[in-house]
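The values are calculated or read from the model by the stated rules, or taken from the named source; none is laboratory data. As the structure is a computational prediction, the values presented were derived from the model and not from experiment. Reconstructed Cβ throughout: ideal geometry from the backbone, glycine too, with neighbour counts over all protein chains shown. These area figures cover heavy atoms from the full protein model, side chains too; ligands, DNA and RNA do not enter into them. Shrake-Rupley method; radii C 1.70, N 1.55, O 1.52, S 1.80 Å.
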Amino acid sequence: MKRKKIIHLLSVEPPDHFFNYEPEFFNSNFSSIEYTKIGTFPYWVGFFRADHHAVAAKEIIKLHPEYEVECWRPYGNHITKVYEKSVDGITHKVFPSKVLHIPQIGHFTWSPEVLKELEKESKENEILLNISVGHLWFHMWLLYKLKKRNFPILCVHRSGGFKKYYYLRLSLLKKLIKPYYLLENKVEINSLKNTDYYYSGSMVEKEYMKSELKIKNVDFFMDGCDFQYFKPGGDKNLLREKLGLPKDKKILMAIGNFRSSDYGYDKLVNCYKKVKEQDPEIQLVMIGGYKSEDVYQMGIDAGCIMVERVSKDVLLDYYRASDYFTQSLFNPLVIENGGFGSAMIEALACGLPVISNNIIHYPGTKEERAGIGIDMQTEDDLVKNIIYVKNNLDKYRNCRELAQKYFDINDTRKVLAGKYEDLFKKYYAD
């Protein structure tokens, strides 16, 4: 008898800097993993509990324990065979993949082993493939290869955006040099026609697909978070003493890597310098990067408290010890395509109002949006709004409830579960 199986596929290999750490150190200080030692570089293969596809997999078995659930990902050219491990009752598999990086052109990854395993599974079981989309060549390649599939495919947007948006932001000269951006955009749109449903975490992307591309099988969706875990709690002073944070200041928290070329938090650091001149009672705490990244020392020099990536439990302590939160991104491409952001949801769940341009992706009314925080169109706006929110925290006292209305994992997991059931019925009718 064929089994019902959901395969959650992450479309990107682990970043190389992960392998600067021993797995035990990674496990103790960053996020919970299982691993297998191997004899050649990188000397270990990791199975990461905190990855998007792994979190989603754990949520679906809470509602449907009868499903078999697996988590797959390409692992780059560091391995030559498939590695498998059971983690919390979920089978994780990592696959060798080919990687080609062409400067100024793109990063190409594909895996014949993934395709071969999907073909095998589709013959032996009733499978559904959930692809985490990062607007990468990997899932474009895979969707083209699966044109003659006999199983359902659901795509969930996790990061990035259509190349059209990147092209439109180029200078005239670069537009003349990089017309292949538009070709890539067309390739991706055609590849997505081979999916049964597409969920986007970006309101901008959803509208583009519905209005301009006339794609009907698309909607807004974010996983949300566990509001029973992420919630206010504990004594702020005791938490600050434990974490080495000042007790006499209002703490503004930010989460993200410390690379100026990515999150662009060098702008946040520069704004914080101006904030301190006007209001020395505000302390910025930045969490989630590495000392090797360029914003780290910049932040130290500016008086920020810089904390490398931490475990989920420690991160919760920082949320509870803080007063408000910022995801202060200025790059229009990141704002429009990056979605609301999981960290912002967690911060709101802990009762922290937010300062971010990404609140445009909040799915509630304008009045509700005003209750969770404020945007910051320019760096001067960011300086002004950091001080404003600090002085008006009471205006956002309902931010947790307003976030829970749309982002409670107990509700959002049912959205995916319902779509899974529909697709199983469509493809595997009794």
About the Cα centre, charge dipole magnitude for segment 1-95 (Lys/Arg +1, Asp/Glu -1 at Cβ), debye: 420
Carbon and sulfur %, accessible surface of segment 139-201 computed with the full protein complex present, 1.4 Å: 60
Residues of segment 280-302 with amide N under 16 Å of the 7 Å Cα→Cβ point at Val314: 285-292
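Taking the Cα centre of segment 280-364 as origin, sum charge times position over the Cβ atoms of Lys and Arg (+1) and Asp and Glu (-1), and report the length of that vector in debye to the nearest 20.
Details: 4 positive and 10 negative charges, 34 e Å.
My answer is approximately 160 debye.
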Surface accessible to a 1.4 Å probe, Lys116 within the full protein complex, Å²: 150
Tilt relative to the chain, helix 180-192 - C-alpha long axis, 0 to 90 degrees, to 10: 60
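Accessible area of segment 286-430 with a 1.4 Å probe: how many percent of it is carbon plus sulfur?
Here it works out to 48 percent.
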Selection from Tyr318, Gly351, Tyr67, by position along the positive dipole direction of the chain (Cβ): Tyr67
Principal-axis tilt of helix 265-278 within the chain, Cα atoms, nearest 10 degrees: 20
When each of Lys163/Lys384; Lys4/Lys414; Lys85/Lys123; Lys62/Lys366 is checked by Cα-Cα distance, pairs over 27 Å: Lys163/Lys384; Lys62/Lys366
Entries in Lys186/Lys210; Lys120/Lys426; Lys216/Lys425; Lys2/Lys120 that, when Cα-Cα distance is taken, lie over 18 Å: Lys120/Lys426; Lys216/Lys425
Solvent exposure of the chain as accessible area per residue, Å², 1.4 Å probe: 45
Nearest-10 value in Å² for the accessible area of Thr36, using the 1.4 Å probe: 40
Heavy-atom accessible area ranking, 1.4 Å probe, most first, across Lys206, Lys193: Lys193, Lys206
Helix 52-63 vs. the chain, principal-axis angle (Cα, 0 to 90°, nearest 10): 80
In segment 187-231, the chymotrypsin sites (Phe, Trp or Tyr not before Pro) that fall in loop regions by DSSP, at most 16 other Cβ within 10 Å: Tyr229
Shape category assigned to segment 313-403 from the gyration tensor of Cα positions, a/c cut at 1.5: rounded
Prolate/oblate/rounded call for segment 1-132, Cα gyration tensor, a/c under 1.5 rounded: oblate
Signed unit charges on C-beta, dipole axis of the chain, positive-most listed residue Tyr43, Leu168, Leu268: Leu168
Rounded if a/c under 1.5, otherwise prolate or oblate - segment 215-330, Cα gyration tensor axes: oblate
